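Rule-based calculations on the coordinates, nothing more; no lab input. On a predicted model such as this, the values are computed, not experimentally measured, just so you know. All Cβ positions, even for glycine, are placed from backbone atoms using ideal geometry, and neighbour counts span all protein chains on display.
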């Protein structure tokens with residue numbers, strides 16, 4: 001399908017977009033590679049959705065360049081649209097149509113021949129577990145089911161690049177796990193997957209890299225692999241039967257710590273190696289520790305660190 | 001743009017309309033109202049001596065257009081911004097459909113529904129035709145013009161639905177535009193008429209105004225005390241007394257402002273295929289609103305001319321026409337101008353709608369959401 005040597009993936013360089021005097025995206029640059037899941041994370045109003053609209057060929061950036069598989073969505077929208085699957089935040093459906101008809105209509109809009117479309121729709125309905133609701137009106141779907149229909153809609157043209165805006169919102173736990181598996185298998189097929197989300201623990205398990213944006217700017221790009229988890233500064237929560245002694249012990253050795261609710265103490269340790277050593281020392285000195293758990297994922301820590309100045 | 005794309009959008013629109021709205025009920029009410037009007041007009045006009053078909057045809061067409069102007073704008077006036085509000089427009093825009101596919105698809109779907117409304121009026125037009133007095137050609141021509149006018153109404157609604165963010169505002173604007181076309185043109189014509197009305201000298205061929213003064217004997221009573229020999233026959237002017245003379249009178253130069261009238265869809269439809277004026281033997285004009293509109297517009301177009309006014313209406317060979325507007329049927333029609341204007345507006349509205357649906361969007365109007 002793709003010719004050899006054609007650039008693949010998403011390249012965004014110095015993109016800016018304002019609505020009137022509201023600057024939605026100030027300066028975002030990112031790269032999403034094929035075969036990887038790239039997470040786009042940031043606080044509310046940081047410009048994630050606007051960026052995805054520009055990637056989805058709906059909005060022209062005021063400045064900067066976007067390349068989807070090497071094509072510019074502004075000058076070559078048709079080429080881009082053939083390659084992308086976009087799942088908007090809050091996917092709307094034609095209420096009067098059945099689930100199957102919604103997907104078949106989209107397939108027709110992609111000029112997929114009817115017989116091929118039928119097969120593709122049935123296959124996708126299985127993937128997103130909506131097969132038993134296929135002939136019900138789209139109106140009766142719950143929010144989570146609508147999200148799954150939105151995912152099926154984004155996949156109908158077998159896109160090489162997926163743009164998913166908050167795909168996990170409204171999903172029940174099982175659907176989330178399934179979404180994760182779907183995203184991983186899409187990446188394994190060599191597709192470029194860009195996901196924006198707030199659910200960081202979820203993303204940490206599925207994403208290969210995270211792009212953190214705040215106030216319309218790229219703050220940092222984080223590789224999410226073993227190294228990050230092993231070395232990142234993370235918080236650990238300690239529950240002890242001797243809270244006073246624990247407190248004294250930590251102060252003595254000037255370990256950064258603070259009391260949190262429920263008699264728990266939170267300490268910061270750079271990497272798992274240091275955390276393990278801290279626990280060993282506590283036990284050696286006879287402090288009765290009943291729980292020692294990471295309070296945040298590595299991605300969460302990175303996110304919080306990057307967006308600290310939110311106020 | 002492709003036929004496949006237009007078809008995809010049109011099919012989607014029609015499916016939604018047929019299932020979602022109470023379309024069957026609306027169509028039923030529509031049918032019932034036209035049936036009622038037709039039956040009543042048949043009842044009122046039916047006369048074995050007269051072909052009542054012309055009246056029935058006029059009344060049915062008048063009503064179909066009037067109701068159509070009320071119903072059809074609602075088919076498209078919230079079409080685009082309504083889709084935006086439901087978050088389903090962007091879903092189509094990110095596919096291989098072009099903006100023209102979406103605009104024309106929606107237009108075709110709305111037009112098809114308007115056509116369905118027209119089709120329900122067909123039985124009554126057939127009835128009018130069976131009653132006689134109206135030719136099949138006229139019925140077909142006015143149906144064609146009606147279809148075109150309704151297409152323009154659809155296009156105008158569609159344009160407004162791309163221009164405003166809220167469906168309520170576009171619906172109001174669309175009905176306002178209809179109001180300008182239907183009432184605004186007439187009001188505008190009426191208000192400007194006095195600007196083109198002035199005192200002028202016109203040539204008249206008829207009995208001079210001073211004829212009665214010059215022939216006083218005709219009205220003077222016999223001198224008192226004298227017995228009239230025989231009853232004096234009142235002296236009446238004859239055709240021989242008709243001369244050409246000048247008269248100062250007010251003249252309305254409607255030929256300068258007639259162009260406002262054919263902008264009105266009613267004038268276009270009425271003037272395209274007016275029923276024939278009644279023959280002199282019938283002595284009965286019937287109730288034919290569309291023909292009156294047509295005749296009025298044609299007379300307005302003719303306006304004041306330099307021709308000598310013929311007022312020598314005396315004698316036995318003169319017979320007054322049962323319809324004072326009968327002559328108008330011979331005048332030049334005005335509807336081609338109106339239809340041309342409406343079609344140009346419709347095409348313009350469609351082009352604007354297409355432009356407003358173009359993605360990626362560069363300038364986003366206030367309050368518009370994309371997805």
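Structural remarks
- Take every Cα pair under 8 Å whose residues are at least 6 apart in sequence, average their separation, divide by the length of segment B:25-116, and the relative contact order is 23 percent.
- A prolate overall shape is assigned to the protein assembly as shown, the ratio a/c of its alpha-carbon gyration tensor axes (a ≥ b ≥ c) being 1.5 or greater and a/b exceeding b/c.
- Bridge type composition, segment A:10-224 - antiparallel percent by DSSP, nearest 5: 55
- For chain B, the longest principal axis of the Cα atoms and the long axis of helix B:53-71 meet at an angle of about 40 degrees.
- For segment A:10-224: relative contact order, % (alpha-carbon pairs under 8 angstrom, 6 or more apart): 32
- The C-alpha atoms of chain B define a longest principal axis, and helix B:3-20 lies at about 80 degrees to it.
- Ellipticity estimate at 222 nm from DSSP helix runs (n ≥ 4, -39,500 (n - 2.57)) divided over the protein assembly as shown, nearest 500: -15000 deg cm²/dmol
- Most mobile of B:336, B:289, B:360 in a GNM of chain B (Cα contacts under 10 Å): B:360
- Taking chain A as a Gaussian network of alpha-carbon nodes connected by springs under 10 Å, the highest mean-square fluctuation of the residues A:266, A:300, A:252 belongs to A:252.
- Relative contact order of chain B, defined on C-alpha pairs under 8 angstrom at six or more residues apart (%): 24
- Highest-MSF residue in chain A out of A:149, A:124, A:133 [GNM, Cα springs under 10 Å]: A:133
- Peptide A:90-100 shows a mean partner chain C-beta count of 5 within 10 Å per residue C-beta.
- Rounded to the nearest 10 degrees, the angle from helix B:23-45 to the longest Cα principal axis of chain B is 10 degrees.
- DSSP assigns beta bridges within the protein assembly as shown; of those with both partners inside it, close to 70 percent run antiparallel.
- Shape of segment B:26-91 from the C-alpha gyration tensor: prolate (a/c of 1.5 or more and a/b above b/c, with a ≥ b ≥ c the square roots of its eigenvalues).
- Inter-probe distance in nm under a simple model that places probes 7 Å from Cα toward Cβ, at residue B:195 and residue A:75: 5.1
- Shape category assigned to segment A:238-298 from the gyration tensor of Cα positions, a/c cut at 1.5: rounded
- DSSP bridge pairs, chain B: antiparallel proportion in percent, nearest 5: 85
- For chain B, the Kirkwood hydrodynamic radius from C-alpha pairs, put into Stokes-Einstein at 20 °C and a viscosity of 1.002 mPa s, yields a diffusion coefficient of 88 µm² per second.
- Global size of segment A:57-215 as Cα Rg and Dmax, reported in angstrom: 15.7, 47
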